Amino acid sequence: MSQTATMAGSAPATSGEVVEARGPRPKPFFTPRKIVIYSVLFFFSLYYLFPLYVMVVTSLKTMPEIRFGNIFALPQAPNFDAWVKAWSSACTGLNCQGLSPGFWNSVKITIPSTIVSIFIAAVNGYALINWRFKGSEIFFAILIFGSFIPYQVMLYPLVMITREMKIFGTLQAVILIHTVFGMPILTLLFRNYFASLPQELFKAARVDGAGFWRIFFEIMLPMSLPIFVVALILQITGIWNDFLFGVVFAGTQNAPMTVQLNNIVNSAQGTPEYNVNMAATVLTGLVPLAVYFISGKWFVRGIAAGAVKG
Amino acid sequence: MQHSVSIKDLSLNFGNVKVLEHLNLDIAQGEFIVLLGPSGCGKSTLLNCIAGLLEVSDGQIFIGGKNVTWLEPKDRGIGMVFQSYALYPQMSVERNLSFGLRVSGMPKDEIARRVARAAEILQIQPLLNRKPANLSGGQRQRVAIGRALVRDVDVFLFDEPLSNLDAKLRSDLRVEIKRLHQRLKNTMIYVTHDQIEALTLADRIAIMKNGVIQQLADPHTIYNKPTNLYVAGFIGSPSMNFINGAVDGGTFTAADGTKIPVGAYDFVASPAGSLKAVLGVRPEHILLGDAAQGMPFITAAEIEIVEPMGSETLAWTKVAGVPVTFRCSSDIPLAVGDKVNVGFDIARGSLFNAETENRL
């Protein structure tokens with residue numbers, strides 16, 4: 001071996017002698033690259049976690065303590081009175097039952113909307129890929145175009161449509177609206193996922209004599225768990241967090257949690273109870289938060305699976 | 001005579017692209033037909049048309065004497081095996097095999113009987129309860145064949161069934177498919193781009209290019225009497241040696257002036273006067289040393305490259321100014337730079353019209 005080769009394959013050890021390279025190359029922890037990456041990550045997690053910290057801390061304080069002004073300080077005597085009040089006795093407009101009716105309204109809206117929209121979108125995506133019909137590409141293009149139109153433009157026509165259908169101000173109306181507006185993105189998601197599945201599987205099922213629904217339920221659905229999880233997360237969080245459709249279409253007796261939260265926080269009477277407001281806000285955000293925590297891994301996997309093919 | 005599969009004047013367009021044009025093909029009962037061609041030649045498309053997975057633009061398809069042009073795949077009496085196996089991943093092998101039968105509402109005991117028979121023929125009984133993910137490539141392809149088998153159909157369609165397997169498994173399964181054909185005597189239509197598979201399996205090979213069948217003949221004819229330059233170049237590995245020149249009566253004159261007597265060649269129709277032509281000679285029809293004696297054309301050549309292949313040796317040289325490869329026994333010691341005599345077996349060669357590229 002020449003002298004240069006030995007030099008290239010060796011690194012000076014701490015004691016000064018030359019250690020011959022062997023096995024995995026040593027990876028020092030403190031390299032400039034790692035320091036930069038971890039500092040940036042640390043900074044941004046603080047940036048995002050701080051508001052949450054303030055909310056939780058404030059909700060555990062009493063009003064006199066809040067008026068004192070140290071919003072970053074830890075509560076002197078943490079108590080959950082504000083949480084209880086937010087859930088069961090805070091006033092939303094004229095009712096003073098807290099957020100709990102809103103929570104159940106949101107459940108009643110979210111579950112059917114999620115199921116109906118995902119089912120229809122899955123069938124759409126499956127049909128668009130595997131049962132191409134004349135104009136299916138144009139149909140798909142129009143559907144995607146739908147996702148670029150701002151909701152506000154369609155709000156008034158939709159109010160008129162639901163009124164004519166005699167369902168305005170009911171749960172059915174808001175479920176219908178959520179299903180319609182979930183359609184473009186969900187169809188795109190399912191279409192791309194089904195496009196990534198091998199076409200020969202579909203052909204084999206056709207040779208075996210299976211029809212539209214049979215192939216859908218027995219062949220395609222069992223293979224689509226990852227994309228269903230993605231669709232579930234998108235729909236549950238999206239519908240749960242929705243305010244606009246809830247306030248317009250659901251009617252006051254069916255107002256979802258977000259609308260009632262707004263009524264609590266923005267109530268004009270009395271002094272604003274910041275601790276109750278904070279507790280109510282965290283309560284409202286709990287469902288999407290839980291969904292993300294439980295399914296984060298699935299979410300990433302499914303998004304990656306759905307994004308492969310166009 | 002009743003044809004098993006009959007394709008009449010079939011055309012298929014994707015938009016403005018003509019994939020198949022006025023294609024005709026008659027396949028006898030029990031015949032093993034291989035559709036051979038490079039990717040994009042329309043061979044898989046043709047198979048999909050026969051299966052009913054693609055709608056034809058024009059023409060008719062008959063299977064067992066019945067016009068099936070408008071029928072669904074399941075009603076055509078076909079079974080199909082795909083390149084990617086296309087096994088239903090969430091079903092066990094047994095349920096994969098029985099899926100089509102369950103769809104058609106067959107009685108349970110009949111399903112069990114057929115699955116058992118297919119499993120016995122393909123020797124996959126121990127695998128029946130496994131999921132496809134737990135099978136090797138060869139086992140998966142066997143299950144895929146079994147899925148066609150249980151349907152008890154007249155016609156088997158294979159779409160490059162061995163292309164995803166490694167070389168060893170491929171040759172094993174090739175023999176197994178041949179054995180299966182001898183046992184079942186079904187009509188089989190087999191698509192491949194592998195000429196070895198085509199030559200070993202087929203009763204007749206249809207060589208396709210740009211959606212047109214170039215030659216439809218038994219493997220021996222395809223190999224020894226290719227109908228045009230394309231077929232000659234496509235079949236054979238290493239491929240046929242081609243020398244450009246002109247033919248006039250019994251003499252072929254190469255581009256560099258070398259005269260090669262072709263009186264021994266069996267002309268389809270003897271050309272009148274001088275004609276630009278291409279002489280094609282397969283590597284094994286160029287003989288070396290003593291064996292070259294008595295050949296119509298013998299010339300001295302210098303060895304440029306030697307490729308020992310174990311059972312034989314491939315050698316490269318130059319004849320008439322063109323690189324030429326020939327095959328010889330590996331017992332003959334050859335070295336680069338050796339001066340040898342090579343003889344062309346013209347009677348087994350091919351002559352093509354340089355313009356129409358058709359066999360002379």
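A few notes on this one:
- Sorted peptide list for B:118-131, B:77-90, criterion being average Cβ within 10 angstrom, highest first: B:77-90, B:118-131
- Solvent-accessible surface of chain B, averaged per residue with a 1.4 angstrom probe and all protein chains in place: 44 square angstrom.
- Most mobile listed residue (B:349, B:211, B:294) in chain B, GNM with C-alpha springs under 10 Å: B:294
- Taking amide H as placed 1.01 Å from N in the peptide plane, the amide H of residue B:214 sits under 5 Å from that of B:207, B:208, B:209, each at least 5 places away or on another chain.
- About the centre of its Cα atoms, region B:3-233 shows a dipole size close to 680 debye [charges on the beta carbon of Lys, Arg (+1) and Asp, Glu (-1) only; nearest 20 debye].
- Taken one residue at a time, the phi angles of region B:242-254 give Karplus couplings (6.51, -1.76, 1.60, θ = phi - 60°) of 10, 10, 7, x, 9, 10, 9, x, x, 10, 9, 10, 6 Hz. Gly and Pro are set to x.
- Cβ neighbours within 10 Å from other chains - mean over B:100-107: 3
- Across B:225/B:339; B:8/B:74; A:85/A:166, pairs whose alpha-carbon gap is larger than 27 Å: B:225/B:339; A:85/A:166
- Size of charge dipole - the protein assembly as shown - debye, nearest 20, with Cβ of Lys, Arg +1 and Asp, Glu -1, no other charges: 1940 debye
- Percent RCO, i.e. relative contact order, over chain A, from Cα pairs under 8 Å lying at least 6 residues apart: 26 percent
- Most tightly packed first, judged by the mean number of other beta-carbon atoms within 10 Å of their residues, the peptides B:13-20, A:21-28, A:71-78 read B:13-20, A:71-78, A:21-28.
- If you plug the beta carbon distance of residue B:335 and residue B:166 into 1/(1 + (r/R0)^6) with R0 = 35 Å, you get a FRET efficiency near 0.55.
- The Kirkwood radius of region B:3-233, taken over pairs of alpha-carbon atoms, gives through the Stokes-Einstein law at 20 °C and 1.002 mPa s a diffusion coefficient of 118 µm² s⁻¹.
- Chain pair A, B: total accessible area buried, heavy atoms, 1.4 Å probe, Å²: 1800 Å²
- Put a dot 7 Å past the Cα of residue B:357, heading toward its Cβ, do the same for residue A:145, and the two dots end up 4.5 nm apart.
- Residue-wise HN-Hα coupling along region A:279-284, computed from phi with Karplus coefficients 6.51, -1.76, 1.60 (Hz; x: Gly, Pro): 4, 4, 5, 4, 4, 5
- Comparing A:38, A:126, A:156 in a Gaussian network model of chain A, where Cα atoms under 10 Å apart are tied by springs, the biggest mean-square fluctuation is seen for A:38.
- Ellipticity at 222 nm from helices only: DSSP H runs of n ≥ 4 in chain B, each -39500 (n - 2.57), divided by the residue count, give -7000 deg cm²/dmol.
- Springs join every pair of Cα atoms under 10 Å in this Gaussian network model of chain A, and among A:123, A:300, A:282 the largest mean-square fluctuation is at A:300.
- Between the amide H of residue B:19 and those of B:12, B:13, B:14, distances stay under 5 Å, these residues lying 5 or more places away or on another chain, with hydrogens modeled in the peptide plane.
- Pairwise inverse Cα distances across region B:222-360, averaged and inverted, put the Kirkwood hydrodynamic radius at 15.2 Å.
- Two numbers describe the Cα atoms of the protein assembly as shown: Rg and Dmax, which are 37.2, 119 Å.
- Number of partner chain Cβ atoms within 10 Å, mean per residue of B:80-86: 5
- Point-charge dipole on Cβ atoms (K/R +1, D/E -1) for chain A, about Cα centre, debye to 20: 520 debye
- At full extension, residue B:194 and residue B:125 could sit 21.8 nm farther apart than now, given 0.36 nm per residue minus the alpha carbon distance.
- Region B:105-194: relative contact order in percent, alpha carbon pairs under 8 Å with at least 6 residues between: 29 percent
- Placing unit charges on the Cβ atoms of the charged side chains and taking the dipole of chain B about its Cα centre, the candidate lying farthest along the positive direction among B:16, B:82, B:329 is B:82.
- Charge dipole of the protein assembly as shown about the Cα centre (unit charges at C-beta), most positive-ward option of A:279, B:175, B:350: A:279
- Isolated Cys in the protein assembly as shown, by beta carbon distance under 4.7 Å: B:41, B:49, B:328
- Separation of alpha-carbon centers, region B:35-71 and region B:118-139, rounded to whole Å: 30 Å
- Shape call, chain A: gyration tensor on alpha carbons, a/c limit 1.5: oblate
- Value of relative contact order over chain B, rounded to a whole percent, pairs C-alpha under 8 Å and six or more apart: 15 percent
- Going from the chain on its own to the full set of protein chains, region A:184-222 has these residues losing 30 Å² or more of accessible surface (heavy atoms, 1.4 Å probe, no ligands, DNA or RNA): A:200, A:201, A:203, A:204, A:206, A:207, A:208, A:209, A:214, A:218, A:219.
- With θ taken as phi - 60° and the Karplus curve 6.51 cos²θ - 1.76 cosθ + 1.60 applied, the whole-hertz 3J(HN,Hα) list for region A:33-47 is 4, 5, 4, 4, 4, 5, 5, 4, 4, 4, 4, 6, 5, 4, 4 Hz, x standing for glycine and proline.
- Computed from the Cβ-Cβ distance with R0 of 56 Å, the FRET efficiency linking residue A:70 to residue A:22 stands at 0.45.
- With K and R counted +1 and D and E -1, the other residues having a Cβ less than 15 Å from that of residue B:72 yield a net charge of +4.
- Full extension of the chain between residue B:70 and residue B:258 gives 61.8 nm of extra length, using 0.36 nm per residue less the Cα-Cα distance.
- Distant-in-sequence amide H partners of residue B:35 (H built 1.01 Å from N, under 5 Å): B:190, B:191, B:192, B:206
- Part-to-part distance (alpha-carbon centres) for region B:171-232 and region B:1-22, which is given in Å: 19 Å
- Entry note, chain A: the mean residue ellipticity at 222 nm calculated from DSSP H runs of n ≥ 4, each adding -39500 (n - 2.57), is -21500 deg cm²/dmol after division by the residues and rounding to the nearest 500.
- FRET efficiency, 1/(1 + (r/R0)^6) with R0 60 Å, evaluated for residue A:33 and residue B:225 via beta carbons: 0.30
The values are calculated or read from the model by the stated rules, or taken from the named source; none is laboratory data. Owing to the predicted nature of the structure, the values given are computational and were not obtained by experimental measurement. Cβ coordinates were reconstructed from backbone atoms using ideal geometry, including for glycine residues, and neighbour counts include every protein chain displayed. These accessible areas exclude ligands, DNA and RNA; they are computed on the full protein's heavy atoms, side chains included. Shrake-Rupley method; radii C 1.70, N 1.55, O 1.52, S 1.80 Å.
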